[in-house]
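What follows is a short report on a single structure.
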Amino acid sequence: MIRWLQRFLGIERTPTPPAPKEPPSSTYKPIPPIESQGFAKPHFRFFPGCYEAEWHGHNVFSKSSETCDVCGKRDIWRYNGTIYWTLPEETIVCAQCIFEERLAALVPEDQQADNSEARLHAYSLHDTEVDEFDWRDPLAVEVRSRTPGFPIFNPFNWPTSGGVPLAFMGYGDEEKWKAVPEALAAMKEANGGEDIFPCPYLLLFKEVDGPLFKAVIDPD
Ligand SMILES: [Zn+2]
């Protein structure tokens, strides 16, 4: 009867459909898609074989679907080496971020002042220095901050030639050196003129654009 009366008086309203229930906003925020980094493999001239490098079951880099803590992208070549900084060991870093020297972005702000010694020393990928250069020299920074590290027993002086750092090529017990007389000669020279190949306590370096090899003894 009421509906009839409403219709008669012209005040009947068509019932509005109930509004769809909105989910509680805190629970259902859409997750933004994580951009793919595309497994970029930038070339490191002072460590050209870093993606293939594997010693005692440890790879310097491993292909990973994880997300880099620096660039926030997934599908990366994850760096497995030691980073000398104040951040947790499990921090995930990709090859491209090392190459573009972006790791300092994660370092706390008080270590980040521009152009200061603190910024240049915010992190290092090596427990070593290039004694020939001032620590501010761009080549020293490239070795320290933009060249992937490798396992060593002791800090050493990174070898140079003609004012340029040499490239790390591997250890003194690798089969490949049998066919490289320059490498065998460099090991012999580092050992006081006596043959020492094969020996795992030698680090082999080579000119980036030349045939010269140098060996550094890294005793256990
Ligand atoms: Zn990254």
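For this structure, a couple of remarks:
- Residue in the range 158-179 that is closer than 21 Å to GLU100 by Cβ, touching an Asp or Glu at 6+ places or on another chain (Cβ under 7 Å) and either in contact (Cβ under 8 Å) with a residue 40 or more places away in the chain or in a helix (DSSP H, G or I) (or both) present: no
- Of the residues making up the range 182-197, those that are surrounded by 14 or more Cβ atoms within 10 Å (Cβ to Cβ) and assigned to a loop (DSSP other than H, G, I, E, B) are ASN191, ILE196, PHE197.
- Any hit, the range 45-62, residues being among the small types (Gly, Ala, Ser), within 11 Å of the ligand (Cβ to nearest atom) and either surrounded by 12 or more Cβ atoms within 10 Å (Cβ to Cβ) or not assigned by TED's automatic domain parsing to the domain that holds ALA122 (or both): no
- Boolean, PRO151 is within 24 Å of ASN80 (Cα to Cα) and at pLDDT below 95: yes
- The range 124-181, subset in contact with a Pro (Cβ under 6 Å, 6 or more places away or on another chain) and surrounded by fewer than 17 Cβ atoms within 10 Å (Cβ to Cβ), residue farthest from LYS206 (Cα to Cα): ASP127
- Search result, residues across the range 31-86 that are among the aliphatic types (A, V, I, L, M), more than 18 Å from ARG144 (Cβ to Cβ) and in contact with a Cys (Cβ under 8 Å, 6 or more places away or on another chain): ALA40, ILE76
- Hits in the range 199-220 - residues which are in contact with a strand residue (DSSP E or B) (Cβ under 9 Å, 6 or more places away or on another chain), touching a residue at least 24 places away in the same chain (Cβ under 8 Å) and either in a loop (DSSP other than H, G, I, E, B) or of a type in the set (Gly, Ala, Ser) (or both): CYS199, PRO200, TYR201, GLU207, VAL208, GLY210, LEU212, ALA215, ASP218
- Subset of the range 80-97 (residues that are within 9 Å of the ligand (Cβ to nearest atom) and either touching a Phe, Trp or Tyr at 6+ places or on another chain (Cβ under 6 Å) or part of a strand (DSSP E or B) (or both)): VAL93, CYS94, ALA95
The values are calculated or read from the model by the stated rules, or taken from the named source; none is laboratory data. As the structure is a prediction and not an experimental result, all values here were calculated from the model. Backbone-built Cβ (ideal geometry, glycine too); neighbour counts: all protein chains shown.
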